1. Given charges of +1 on the Cβ of Lys and Arg and -1 on the Cβ of Asp and Glu, with all other atoms neutral, how large is the dipole of chain A about its Cα centre, in debye to the nearest 20?
2. Which order do A:Ser29, A:Ser128, B:Ser11, B:Ser89 fall in if you start with the one that has the fewest other Cβ atoms within 10 Å?
3. Let a ≥ b ≥ c be the square roots of the eigenvalues of the Cα gyration tensor of region B:20-168; is it rounded (a/c under 1.5), or, if not, prolate (a/b larger than b/c) or oblate?
4. By the scheme Lys and Arg +1, Asp and Glu -1, what is the net charge of all other residues having a beta-carbon under 14 Å from that of A:Ala87?
5. Rounded, prolate or oblate for region A:94-163? Axes are the square roots of the Cα gyration tensor eigenvalues, ordered a ≥ b ≥ c, and the cut-off for rounded is a/c under 1.5.
6. Cα gyration tensor of the protein assembly as shown, axes a ≥ b ≥ c as square roots of the eigenvalues: rounded (a/c below 1.5), prolate (a/b > b/c) or oblate?
7. Take every Cα pair under 8 Å in region B:1-124 that's 6+ residues apart, average their separations, divide by the length, and report that relative contact order as a whole percent.
Amino acid sequence: MLTLTNLDALRDRYPTTAERERLVEYASSVRERQIAMNDLELMGDAVVDDCMTKMIEMYPNIPRYHVNGFDRGYRDNRLLLTYIAKAMFFNDMKLLDDQVLTWVRTLFKSFNFTPKFMRDNFTLIRESVRKRAKPRTFALLEPYLTHTIDYLSDIPEPSRPEV
Amino acid sequence: MTNWITKLAHSTNGRPLSQDETEMLVDYVETLPDRLLAAKKLEECQKWLVKHLSDYIAPRAIEWGLPKDPFATDFALCLTALVHSMVCSDKELLIAEVILPFCETADALEVPRNIFADLFDTAWHALCKRLDPRSLQLLEPSFTDVVLGLRITEEWSKATVESNIANAETLLTPMEA
């Protein structure tokens, strides 16, 4: 699929009608995407606070298994929000997968996190954004937040869960 | 070679895009519909352009040492690379994917580069009769840069071309935002 980040596919051909229409539609939303990206950056710390407050209640044993587990949770969730905002701005889900989700999922699997743990964490992130963001901002971000939940919770149940 | 948008999208390494980067991208994206329309218009008149260039090349082919056919077709197809740089608004692409390859082709065919410059000039003037003003406005810097790029680099060698194009950067028309 042709997006803003892979226009080099047009090196030796012209865009198809469908590609052109999709990019024109994207162009019409780019100002709103810019606003939504800025909004998410501004509310990012509060969103992660909302999420982590609940995760600490739900998973109090995390520090037993993972040194500085909650601190790293703050850091990783905040980093993911920046990537989510950028992918939404570029209207490019593959950018999100390629730049962060693929390797982060591998990392989280190696920590013996459970699918439920992952789903809980990123659902809390999405619900906090829903609560804090303007409706249009949330509408633009929602597909990326939901994709993150689905992608990162798509891991096998570990034989020895560490959550 | 990778265009500036893709480079920017992949280069931030987890930091948010800066305000300047975002503004630059938004300003560019808002011109994208016109750029895509210009590409479509050029594609639509490609067959006509091939015919026009064939008619132009035919009486000059022997003198220039160019194959008569399918040179015009190949030349018109090469315009996709020029259009690609216009769509991306990226002069580096234009240098890497149009100007330098044409210098190399001219050398391989032992044809003076001015002939290729003339062909681009001829194609441009032909397109002026067929395309709308906005498409021409967007394509003009690319055609100008190719013609200048090919004319500036006199005694061809890869080193002198790169050096001359680097020096020519300030002489050439800046790509429109």
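1. Roughly 100 debye, rounded to the nearest 20.
2. Fewest-to-most Cβ neighbours within 10 Å comes out as B:Ser11, A:Ser29, A:Ser128, B:Ser89.
3. Because a/c hits 1.5 or more and a/b fails to exceed b/c, region B:20-168 counts as oblate.
4. Residues close to A:Ala87 contribute a combined charge of -2.
5. Verdict is oblate for region A:94-163.
6. prolate
7. 31 percent.
Coordinate-derived values only; no laboratory data. Not measured: the values here are computed from a predicted model. When we count neighbours, we look across all protein chains shown, and the Cβ atoms used for this are built from the backbone with ideal geometry, even at glycine.
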